[in-house]
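Please treat every number below as a calculation from the coordinates, not as lab data. The model shown is predicted, which means the values in this text are computed figures rather than measured ones. Positions of Cβ are generated from backbone atoms using ideal geometry, with glycine treated the same way; all protein chains shown enter the neighbour counts.
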Amino acid sequence: MTTEKKSPAKVKPKTKTKAKPATASPKIQKAIDVATKAHAGQMRRNGEPYISHPLAVQKILTEWGMDEDTIIAGILHDTIEDTDLTLDDIKKEFGESVAFLVDGVTKVSQARSGMRDLNTYLPETRDNFLRLLIALGSDIRVLIIKLADRLHNIRTISALPPDKQKKIATETLEVFAPLADRLNMGQLRVELADRAFQYANPKRYQELKTLIETRNKSAAKTIKKIEEEISALLKKEKIDFEISGRAKSIYSLHKKLAKYDQNIDAIYDLLALRFIVDDITTCYLTLGLIHSLYTPLDGRIKDYIAMPKQNGYQSIHTTVITPEKNIIEFQIRTHEMHEYAERGLAASFYYNEQKLTENYRSGKIQHLPTNLLWINELQTAAAKLRSGQKVDLGKLKLDLFSDQIFVYTPKGDIIALPKGSMPLDFAYQLHSEIGGHVVGAKINGKMSNLKTKLKQGDVVEIITNKNQTPKDSWFDKLFTRHARQKLRQQLNKLTNQGS
C-alpha cells in the first residue's frame, strides 16, 4: 500500500544517475531453470505454481538493485527446505557465495518461531536466535533476501486461512517491519506494516483508512494553495526541485494516536509536503524560504541532516502554521537522501563477492558505515559464537528492535537515541571526548543519576571535568552499542598507555 501521492506542482530536477539493477544474466536464467525444475508440481495456496514465489522474490531484489549472487540466492531460497536440491548441488552449480546465502536464508526461516520471545531464554528460543544471528552476522544480504521473501508473502496473504493470516501479520509487525526500519528501507517498512495491520486488526485499519481519506480530501485545496505559493517562491529563486505530498501511513497513525490519547488534532504530520533538491546548501535555503512564508512551530524543527537518525535517515523536518491557521509539516532532502530514505541499505550497500567469501573463510568482520554499527555488533557476536564465546543476546535484541526517542541539548540541538538510553549514552553520542570526561548530568534542569533512563523530549546537560577518566563501572550506565564501543576503545587506550 503506497503512501506517496504525487502533487500537480512539480519542477523536474536535473537528471540524476542511478545505479542500474542486475539484469537477467545467463547465470540468473540458469537459476530460474533449476528452481522451476526443483519446484515442479508444487502449488501455492492461491492455486499458482510455487515457482511464482521465487520469481516474485527475484523481481523485488532486482528492483532493489541487488547484486547477481543475491538475486540467484533469492530464486533458490526455498529449494533446500522444500525440494530434493541440496546445498552441495547449489555450491557446485552456482558457487560458494550463493550456497552460503541460501543456507543463511534457510537458517533464518528455521529461526522464525523463536524470534518473538527472545527474553524467555528457553533453550529452543536461544538456539533459534543463534542460528539467525550467525546467518546474519556473516552476510547482511541474507536478511535482505528474507525481507523480499516476506514482502511477497504479505502481498499474497489473502490466500491463507484467517488464523495463519493473523500469525504472519503479527510477526511482520513485530519483527520484519521494525527490521526494515533499522535498515532505513522506508518504502518497505510502510508496505509491510500497513499490509500486515490490515490483517492483524482489520476493524482499526478500516477506521483509520477512512479517517485519513476524509482528512486528505478536506485538506486538498489548502495543500494545493501552499504548493503553489512555495513553488512560485522557489522558481523565483531559481531553485530546481521536486515536490510531492506524503500522507501518513495507516499503521504509523495508529501508533502515534496511542501516544496522544487518540487525539487526531494533536498530530501535525498527517499530511506533509516533501521537497527534493540538488544539494545540502539548497536544503537549508529552502527551509529559510518556507519560514519566510509561514511561521515555524516552536520545537518542531528536526535537522536530521546535521544529526542523522541511527539508521542513516537524513532530512530536514519543520512544522509551520499558515496565516489561515493551517498546520502542515515539510520535509526537505537531497535526491541522494531521498533514495536512501526509500531504499535504505539496499540502495547503498555494495558488495565485493570475492572479498565477502574471503572474509567469511577467515572469520573477518565486515565494516559498515557508522549509522549501521548495530550490524557490526551482530557480526562481532556471530564471530564470538563461532569461537565458543558467550554473548549477551538480550542486549542485542533490545538494540535491534528498540524504539527511538529524541532528546535535546540545552541549545536545542536534537539527538536521536534508542529508547532505554541514559545520560552517558547521550554524552558519547555528542562526542567520545565528552563521554570520557562526564562527572554528572542535568535532565530538564535538575541534577540526575547517570542511570536515569531518558524520555522523549528531555533536555540533557552534560557536566564534564577534564581530570575525569573513563571507568569500567560505566558499562552499567550505558545502553547503546555506540557508547559501549567508544568506552571500550578509551579503556583499552588507557591500559596501553599505562603498560
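Can you pull out the GluC sites (Glu not before Pro) in the range 59-108 that DSSP calls coil and that have at most 10 other Cβ atoms within 10 Å? Listed in order of number, the matching sites amount to none. All other residues whose Cβ lies under 10 angstrom from that of GLN314 are scored, Lys and Arg at +1 and Asp and Glu at -1, for a net of 0. Taking 29 Å as the limit for the C-alpha separation, the pairs LYS167/LYS455; LYS59/LYS225; LYS30/LYS107; LYS302/LYS471 exceed it in the case of LYS167/LYS455; LYS59/LYS225; LYS302/LYS471. Counted by Cβ distance under 11 Å from ASP413, the other residues give a net charge of +1, where Lys and Arg count +1 and Asp and Glu count -1. Each Lys or Arg adds one and each Asp or Glu subtracts one; over the other residues with Cβ under 14 Å from the Cβ of ILE280, this totals -3. Partners of LYS221 within straight-line reach, counting aspartates and glutamates whose Cα lies under 20 Å from its Cα and excluding those fewer than 8 residues away in the same chain: GLU4, GLU213, GLU229, GLU242, ASP265, ASP269, GLU324, GLU329.
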